[in-house]
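Notes follow once the structure below has been shown.
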2 protein chains.
Amino acid sequence: MSKNLTQQLTHKLGEAIVKGDYPIGTRMPSEAVLCEQFEISRSATREAVKMLSAKGLISSRPKQGITVNPETNWNLYDSDVLEWILKSKPSLHLLKEFTQVRFAIEPMAAKLAAENATPAQINQMETALYRISEAQEGLEDQLDAHINFLNMILVASGNRFFIQLTQFVDAALRVSIRYTNQVKGISNTDVTFHVKVFNAIKNGDASTAQKLIYDVLSEALTLIESRL
Amino acid sequence: MSKNLTQQLTHKLGEAIVKGDYPIGTRMPSEAVLCEQFEISRSATREAVKMLSAKGLISSRPKQGITVNPETNWNLYDSDVLEWILKSKPSLHLLKEFTQVRFAIEPMAAKLAAENATPAQINQMETALYRISEAQEGLEDQLDAHINFLNMILVASGNRFFIQLTQFVDAALRVSIRYTNQVKGISNTDVTFHVKVFNAIKNGDASTAQKLIYDVLSEALTLIESRL
DNA sequence: ACATTACATTTATCATATAAATATGCATTC
DNA sequence: GAATGCATATTTATATGATAAATGTAATGT
């Protein structure tokens with residue numbers, strides 16, 4: 001758990017809101033009541049409320065109190081909010097939504113990576129590739145290695161908005177194995193696939209890099225949709 | 001300007017950080033100093049600090065003080081952060097990054113919209129279409145009408161992560177006209193284009209909807225890159 | 001040289017008081 | 001009767017002072 005009281009309350013309330021304990025549009029307990037319930041001071045409570053409103057989950061106004069915002073206001077790309085969503089309502093439908101975003105983003109990121117990756121980034125990708133092959137022999141966690149490789153592609157894209165999505169992709173992949181119980185199908189276990197992607201990016205072959213990622217995600221999406 | 005002191009300070013500091021007034025990795029003025037500088041109480045100051053740290057811009061720890069986080073920690077999809085970025089360092093390069101994200105997202109959103117749009121959403125899109133044609137005759141702001149139409153596509157996708165990006169696309173389009181000084185080229189002024197997109201979505205023709213948006217954004221991106 | 005302790009600084013928390021905002025109901029006016 | 005203005009009660013917003021906890025740094029001891 002987070003160390004300080006403010007963050008603890010932020011997480012507790014954030015999770016509760018996402019879970020639906022405080023329905024959208026309704027008023028949450030007032031500042032004073034929250035203090036009582038969680039036995040902390042007003043300062044800590046108010047700061048937690050501010051953090052949640054900064055993430056779009058709630059808004060607070062005098063007299064009206066603290067109200068839960070509609071989901072469209074939530075900062076879904078905030079890693080805390082993502083974490084709460086995953087913790088509270090994981091579902092195959094959610095996985096589909098995640099994968100649709102990946103399907104939109106990652107092929108483009110691979111394309112950009114092929115066009116823009118620096119030599120240093122190529123080296124890091126090669127290291128990531130090595131980690132995947134090691135993982136196959138059980139030396140390292142397979143999922144972590146995969147995520148690391150995919151994150152490197154996002155980073156190498158050079159577009160800060162793609163880079164920002166590393167946490168998103170991380171979350172998406174971690175939820176995916178809850179349902180598929182294997183990395184295969186989501187992101188091919190076979191390291192030869194990753195080698196192909198790596199070579200395409202290294203050689204600046206943008207369209208091949210794009211197509212490789214596109215195809216594997218297309219397959220993943222089809223698999224998920226077949227199970228819905 | 002925002003009404004309450006906390007939000008005012010949040011915006012002032014957020015903007016200043018993004019602008020680079022407080023370089024990344026450096027310590028910001030301490031709580032006490034911020035109170036003095038802005039002549040507000042510690043409560044308000046601390047709450048602003050909490051909001052900024054909720055958005056990933058800063059982190060604060062005892063003794064170490066308030067430090068500016070690396071840009072990779074910033075929640076770039078937060079509409080406040082976006083606003084500050086646009087306000088502080090608009091550039092053609094930024095526009096390119098924006099458009100790359102749109103290029104990744106919007107064709108897919110159009111495809112999903114064609115597959116999933118509800119009758120009510122189709123109606124709303126038709127209204128949006130009407131607003132564009134009205135705007136052409138000067139009755140309404142052209143840009144707003146365009147943004148409204150594009151947002152409807154995102155909403156109709158049914159994927160909450162795409163829906164969340166309405167603010168992003170809004171920001172992207174508003175910055176785009178600063179450089180192109182026209183909506184044309186970014187999102188075809190000619191309403192016939194939008195009619196085509198609308199019809200494709202209405203008829204459930206996913207691939208056509210996707211291709212239409214893909215093509216217009218491809219063109220926009222080429223235009224931007226030619227000017228870099 | 002290393003570990004331990006003491007200290008100083010900064011944020012974190014608590015408590016209390018006052019101000020400002022605003023929804024609600026009431027009265028007043030036309 | 002409808003609309004407008006006003007009083008009031010409730011809730012958050014702000015201010016302030018005091019204490020606690022965390023943590024980097026320096027002093028100390030072995």
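The values are calculated or read from the model by the stated rules, or taken from the named source; none is laboratory data. Predicted model, so just to flag it, every value in this text is computed and none were measured. A quick note on method: Cβ atoms are made from the backbone with ideal geometry, for glycine too, and the neighbour counts reach across all protein chains shown. Calculation scope for accessible area: heavy atoms of the full protein, side chains included, ligands and nucleic acids excluded. Shrake-Rupley method; radii C 1.70, N 1.55, O 1.52, S 1.80 Å.
Those residues that are under 19 Å from B:ILE163 (Cβ atoms) and within 11 Å of chain B (Cβ to nearest Cβ), I need them from segment A:60-75; list them, please.
Across segment A:60-75, the qualifying residues are A:PRO70, A:GLU71, A:THR72, A:ASN73, A:TRP74, A:ASN75.
Of the conditions (1) farther than 30 Å from A:ILE201 by Cα; (2) open to solvent by less than 10 Å² (accessible area, probe 1.4 Å); (3) more than 13 Å from DNA strand C (Cβ to nearest atom), A:THR99 clears all except one; give me its number.
Here A:THR99 meets the rest and fails (1).
Which of the residues that make up segment A:38-61 are touching a Cys at 6+ places or on another chain (Cβ under 7 Å) and open to solvent by 10 Å² or more (accessible area, probe 1.4 Å)?
Matches in segment A:38-61: A:SER41, A:ARG42.
Conditions tested, residue by residue: (1) of a type in the set (Phe, Trp, Tyr); (2) within 11 Å of another protein chain (Cβ to nearest Cβ); (3) without any contact (Cβ under 8 Å) to a residue 24 or more places away in the chain.
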{"site": "B:MET51", "(1), (2), (3)": "no, yes, no"}
{"site": "B:ALA54", "(1), (2), (3)": "no, yes, yes"}
{"site": "B:TYR77", "(1), (2), (3)": "yes, yes, no"}
{"site": "B:LYS89", "(1), (2), (3)": "no, no, no"}
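Under 8 Å between Cβ atoms, which residue pairs at least 6 apart in sequence (or on different chains) link something in segment B:20-38 that is closer than 18 Å to B:ASN4 by Cβ with a partner that is open to solvent by 40 Å² or more (accessible area, probe 1.4 Å)?
Close Cβ pairs (under 8 Å, with a partner that is open to solvent by 40 Å² or more (accessible area, probe 1.4 Å)) amount to B:CYS35/B:SER41; B:CYS35/B:ARG42; B:PHE38/B:LYS12.
Would you check if there is a residue in segment B:62-69 being open to solvent by 20 Å² or more (accessible area, probe 1.4 Å), within 16 Å of DNA strand C (Cβ to nearest atom) and free of Cβ contacts under 8 Å to residues at least 12 places away in the same chain?
Checked against the condition, which is being open to solvent by 20 Å² or more (accessible area, probe 1.4 Å), within 16 Å of DNA strand C (Cβ to nearest atom) and free of Cβ contacts under 8 Å to residues at least 12 places away in the same chain, segment B:62-69 yields at least one hit.
So, in segment B:127-170, of the ones that are over 11 Å from B:HIS194 (Cβ atoms) and β-branched (Val, Ile, Thr), which residue ends up farthest from the other protein chains (Cβ to nearest Cβ)?
Restricting to residues being over 11 Å from B:HIS194 (Cβ atoms) and β-branched (Val, Ile, Thr), the top hit is B:THR127.
What's the total number of residues in segment B:18-40 that are within 14 Å of chain A (Cβ to nearest Cβ) and within 16 Å of DNA strand C (Cβ to nearest atom)?
Number of matching residues: 1.
Take the residues of segment B:103-120 that are more than 10 Å from chain A (Cβ to nearest Cβ) and touching a helix residue (DSSP H, G or I) at 6+ places or on another chain (Cβ under 8 Å): which is surrounded by the fewest Cβ atoms within 10 Å (Cβ to Cβ)?
B:THR118
Does B:ASN75 satisfy being within 27 Å of A:SER59 (Cα to Cα), away from DNA strand C (no atom under 13 Å from the Cβ) and touching a strand residue (DSSP E or B) at 6+ places or on another chain (Cβ under 9 Å)?
no
Taking only segment B:1-45 into account, find how many residues are at pLDDT 95 or above, within 9 Å of DNA strand D (Cβ to nearest atom) and not acidic (Asp, Glu).
Result for segment B:1-45: 13.
List the residue pairs whose Cβ atoms are under 7 Å apart, where the first residue sits in segment A:1-15 and is without any contact (Cβ under 8 Å) to a residue 60 or more places away in the chain and within 10 Å of chain B (Cβ to nearest Cβ), the second is basic (Lys, Arg) and away from DNA strand D (no atom under 11 Å from the Cβ), and the two are 6 or more positions apart or on different chains.
A:THR6/B:LYS50
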